[in-house]
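Written below as structure tokens is the structure these notes are about.
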Amino acid sequence: MAEQEAASETEPTGVDPWAEALAESSRAEVLPEAPKPAYPVALNPQVQFFLDRFTGDRRDVVTLWVGRAGRYLTMIRNVLKRRGMPEELAYTAMIESGYNPRAVSRVGAKGMWQFMAQTARRYGLRVDQWIDERLDPEKSTVAAAAYLRDLYTMFGSWSLAQAAYNAGEVKVSRAIRATGSSDFWTLAQSKHLRRETKDFVPQIHAATLIGKDPERYGFEFTEPEPLAVETVTVPASTDLRRLAARSGVSLETLRALNPVLVRPVTPPGGAWTLVIPVGSRPGVQAALAPPAAKPRPTVVARTSSRPAGPAAAPDTIHVVKPRDTVTSIAKRYGVTAGDVMRWNRLEEQTRIRPGDRLRVADLRPSAEHAGQGGFR
């Protein structure tokens, strides 16, 4: 990403979600791969131009980048070192995003390493409607290292690898064929690379010079105190908004600690490991516990308006007339709709039709139906 895009990103607010996890991962023992050639830092007119800008009119922006760098440089350098790659490549992310793990470009590239979704998936990152691992600083760094290593294998030059990281392999290959040169600085003088790519690589070299000797250029790289975090396993589709309301951990904190979640809900299909502040586990677990079942009220006695006696038997046949309903028939005979349905084995969705014959018990007072005989 070009300088102006990186500079447009704002400093993430809230807690630093990754310091402790990154510090822990950086201490892990991993066998390094065969070392790759060193990164030759150039100081030519193109690099000097950006070095002057970074220490001049762009100092405020670069100071912001340097402030973020302390959170992630140790992790990035260790990822590169384990793979036998030059640690100077860590400054690629400084120009890509200003070390902003939540950066989003105009074209949809995301994260510290500004991956497009298709490339991210190609290098093992999960990007879907629930999860976007481009926003995971360590996982995206591992993917970026693998991509840069492949580009170096393709072009044999770290500067060309970085140019291809920005422009794509095809455009750099075409520029090489068109010019007959495999030297980035020669390609940068031609019309076969975009201005963004021509500026991208010298900016990285300028950032590398600052990173190697920050005091000389009036900058200071400091590593902030890591934020203590722990994890808790939560069920699939856990709503972080409800969890925040019940646990005492703010939604802002939960989102900041779990930036790969596209929505404020964990993905369906299985349990999820949620990052939370140290000490908040009891509140979170209590919030996750199902609510206690309310005790059912004890029924002391039931009363009925019907006179005591033996249960009524359906000893009468009613022939259904137009506009009859189960409820109207029940009222006619002084029984309940449930009685009529039970006696005739009717389901709730069963329709009665004119001419149907229903068995009922006639519990009306005798005066109400005196003189009525025959089938009803």
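Every read-out reported here was derived from the displayed coordinates using simple, explicitly stated rules and does not represent laboratory data. Since the model is a prediction, treat every value here as computed from it, not as a measurement. For neighbour counting, all protein chains shown are included, and Cβ atoms are generated from backbone atoms with ideal geometry for every residue, glycine included.
The table that follows gives values for the structure above.
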quantity	calculated
Pairs where the first residue, in region 105-119, is β-branched (V, I, T) and the second is part of a helix (DSSP H, G or I), C-beta under 9 Å, 6+ apart	T119/A143; T119/Y147
V172 being assigned to a helix (DSSP H, G or I), within 28 Å of R71 (Cα to Cα) and touching a Ser or Thr at 6+ places or on another chain (Cβ under 9 Å)	no
Test set (1) outside any loop (DSSP other than H, G, I, E, B); (2) touching a residue at least 12 places away in the same chain (Cβ under 8 Å); (3) under 24 Å from D183 (Cβ atoms) - R77 fails condition number	(3)
Region 114-141 - residue that is surrounded by 17 or more Cβ atoms within 10 Å (Cβ to Cβ) and either more than 16 Å from the chain's Cα centre (by Cα) or among the aromatic types (F, W, Y) (or both) and, of those, farthest from T92 (Cα to Cα)	W130
Positions within region 337-347 being within 55 Å of the chain's Cα centre (by Cα) and of a type outside the set (K, R), in sequence order	A337, G338, D339, M341, L346, E347
L227 being under 26 Å from T74 (Cβ atoms), out of contact with any helix residue (DSSP H, G or I) (no Cβ under 6 Å at 6 or more places or on another chain) and touching a residue at least 60 places away in the same chain (Cβ under 8 Å)	no
Top-ranked residue of region 36-59 - restricted to ones that are polar (S, T, N, Q) and assigned to a loop (DSSP other than H, G, I, E, B), ranked as nearest to M154 (Cα to Cα)	N44
Test: residue in region 154-163 that is among the aromatic types (F, W, Y) and in a helix (DSSP H, G or I)	yes
Subset of region 315-336 that is assigned to a helix (DSSP H, G or I) and more than 57 Å from the chain's Cα centre (by Cα) - its residue that is surrounded by the fewest Cβ atoms within 10 Å (Cβ to Cβ)	K331
Top-ranked residue in region 217-257 [being in a loop (DSSP other than H, G, I, E, B) and of a type in the set (S, T, Y); ranked as farthest from the chain's Cα centre (by Cα)]	T222
Boolean, P224 is exposed (fewer than 12 other Cβ atoms within 10 Å of the Cβ), more than 29 Å from V66 (Cα to Cα) and not small (G, A, S)	no
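One line per residue, one yes/no per condition, for (1) surrounded by 13 or more Cβ atoms within 10 Å (Cβ to Cβ); (2) aliphatic (A, V, I, L, M):
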site: L251; (1), (2): yes, yes
site: P259; (1), (2): yes, no
site: P264; (1), (2): yes, no
site: G269; (1), (2): no, no
site: P277; (1), (2): yes, no
